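Everything below concerns the one structure shown next.
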Amino acid sequence: MLLYREQYNWKSSTCLLRTRYFTPSWCFRGRFIFGRPTSPPDRGGSTAPPCTCPLSWGRLWTPETFEKSRLYQLDKSNFGFWSGLYSETEGTLILLFGGIPFLWKISGSLTGRFGLGPEYEISQSLVFLMLATLFSAITGLPWSLYSTFVIEEKHGFNQQTLGFFLKDALKKFVVTQCILLPVTSLLLYIIKIGGDYFFIYAWLFTLIVSLVLVTIYADYIAPLFDKFTPLPEGELKTDIESMAKSINFPLTKIYVVEGSKRSSHSNAYFYGFFKNKRIVLFDTLLEDYSPLNKKNDGESTDQDKNEETEDETKLQPKHKKQGCSNPEVLAVLGHELGHWKLGHTVKHIIISQLNSFLCFFLFAALIGRKELFMAFGFHNSQPTLIGLLIIFQFIFSPYNELLTFCLTVLSRRFEFQADAFARAMGRSTELCSALIKLNKDNLGFPVADWLFSMWHYSHPPLLERLRAIKDTKKQD
Ligand SMILES: [Zn+2]
């Protein structure tokens, strides 16, 4: 679980048919809050802030930072609106003009050329899936390029070159295919031979696949994209280890991920099963570690320079020092370990598996209905993969929206609890200052419209978190 809400990662979907989170009215509400003429508060906080704020604005944000974050969020909100609108239009046109049966037909003629007739449904399904993901990757590329090289670049976050970006996108596509195609073919096979209780076997199969993926992801998949190095021996490492020990957290390794190769945004998380837990810190989170700070201090060595050229990135030094001090990093980890100690991770896994089982159960009840396929342009055949897409993406769509909302509400609750956990460890002052620093480093906008925030934010807005930590502090 991340300490801080992801601000930058525009995800290009890997499937032609995607669950829709886009609602124009919400986007407009977002534009309204960032776009309305709020005068940034001065150092003394004499200008009336646009929301009731328990802390002195001047102490938290200079007018310059406030304005920077407002403009960044405004640009992101505008981008979200247009990319969402495009995605909706594209999806609607595909449905309207029979894009799905058309692609299925093309896939059939391609497999036909290799002598595989319509009876080879799994082969045809794999070709369909490959073409659909290729289409999605190509149409998503301009948006992703714009987000990285225009918006993130303009606000000083982007650290990638075009070469690095394209290589990364290609790698992502290949890795996705290597996982998606064998998993899908096995799932389709299980559904075909599973008999009356196929939904139980299908659910068990997806459960095993997700457990395997979680296990191998950190060791075999993530290192394909980012460099992970063990945290060097020193005070920070010793302190983290003794903190983990104090709450019986089975920590085996602490890594630093070179997040600075992509962007100057910062974060921290932990992963792993049972007695084998690892902590990952972004290099941009650590004040003493961030290459962005090092370069700023003029400490860059010849070796650093060689590595940069090799990796095709362009480390831009920040004008201000970024990242947290060691006590603040410990407070951040106190929050993360709070998620583990309070069982938040396990609760998330249980909820997602219960949901997955329910979906497969309903899928089993619906897959036999011809009218569903006919409504989507499949009059003569009922391919299982198409059934999965129709039911999971379209039929469950309203349910998925509701579920996402409930999970967002739950996540916010967990965030407050994890903050309270770090406070109980005696780290409230450092946690507050770390949250403020991270908010500044990531240009998070401190004001959130309650309705927008309630629907979209998995992490509570900064002011609410500071207020909650401060309030509980008073109670002590
Ligand atoms: Zn958290």
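Within the range 448-460, residues that are polar (S, T, N, Q) have Cβ atoms under 8 Å from residues that are part of a loop (DSSP other than H, G, I, E, B) in these pairs: Ser453/Pro460; Ser453/Pro461; Ser458/Arg5, counting only partners at least 6 apart in sequence or on another chain. Here the condition is being touching a residue at least 60 places away in the same chain (Cβ under 8 Å), surrounded by fewer than 17 Cβ atoms within 10 Å (Cβ to Cβ) and either acidic (Asp, Glu) or part of a helix (DSSP H, G or I) (or both); of Glu88, Glu64, it holds for Glu88 alone. Say whether the condition of being farther than 16 Å from Gly338 by Cα, more than 13 Å from the ligand (Cβ to nearest atom), in the same structural domain as Cys359 (by the TED database) and more than 22 Å from the chain's Cα centre (by Cα) is met by at least one residue in the range 427-434. Looking through the range 427-434, at least one residue is farther than 16 Å from Gly338 by Cα, more than 13 Å from the ligand (Cβ to nearest atom), in the same structural domain as Cys359 (by the TED database) and more than 22 Å from the chain's Cα centre (by Cα).
Among the residues of the range 415-426, just one is more than 11 Å from the ligand (Cβ to nearest atom) and surrounded by 22 or more Cβ atoms within 10 Å (Cβ to Cβ), namely Arg423.
Being assigned to a helix (DSSP H, G or I) and either polar (S, T, N, Q) or within 24 Å of Glu415 (Cβ to Cβ) (or both): is that true of Val214 here? Break it down stepwise before answering.
Working: assigned to a helix (DSSP H, G or I): yes; either polar (S, T, N, Q) or within 24 Å of Glu415 (Cβ to Cβ) (or both): yes.
Yes, satisfied.
Select, from Ser107, Ser87, Ser83, the only residue that is modelled with pLDDT of 90 or more, small (Gly, Ala, Ser) and over 30 Å from Asn439 (Cβ atoms).
Values: Ser87 fails: over 30 Å from Asn439 (Cβ atoms); Ser83 fails: over 30 Å from Asn439 (Cβ atoms).
Matching residue, one of Ser107, Ser87, Ser83: Ser107.
Within the range 151-166, is there a residue that is touching a residue at least 24 places away in the same chain (Cβ under 8 Å), among the aromatic types (Phe, Trp, Tyr) and more than 19 Å from Ser87 (Cα to Cα)? Within the range 151-166, one or more residues are touching a residue at least 24 places away in the same chain (Cβ under 8 Å), among the aromatic types (Phe, Trp, Tyr) and more than 19 Å from Ser87 (Cα to Cα). Is at least one residue of the range 101-113 outside the structural domain of Leu389 (by the TED database) and more than 30 Å from Ile190 (Cα to Cα)? No, the range 101-113 has no match at all.
Is it true that some residue in the range 388-407 is at pLDDT 90 or above, out of contact with any Lys or Arg (no Cβ under 7 Å at 6 or more places or on another chain) and either within 16 Å of the ligand (Cβ to nearest atom) or within 23 Å of Ala331 (Cβ to Cβ) (or both)? Among the residues of the range 388-407, at least one is at pLDDT 90 or above, out of contact with any Lys or Arg (no Cβ under 7 Å at 6 or more places or on another chain) and either within 16 Å of the ligand (Cβ to nearest atom) or within 23 Å of Ala331 (Cβ to Cβ) (or both), which makes the answer yes.
The values are calculated or read from the model by the stated rules, or taken from the named source; none is laboratory data. Note that the structure is predicted; figures quoted are calculated from it, not measured. All Cβ positions, even for glycine, are placed from backbone atoms using ideal geometry, and neighbour counts span all protein chains on display.
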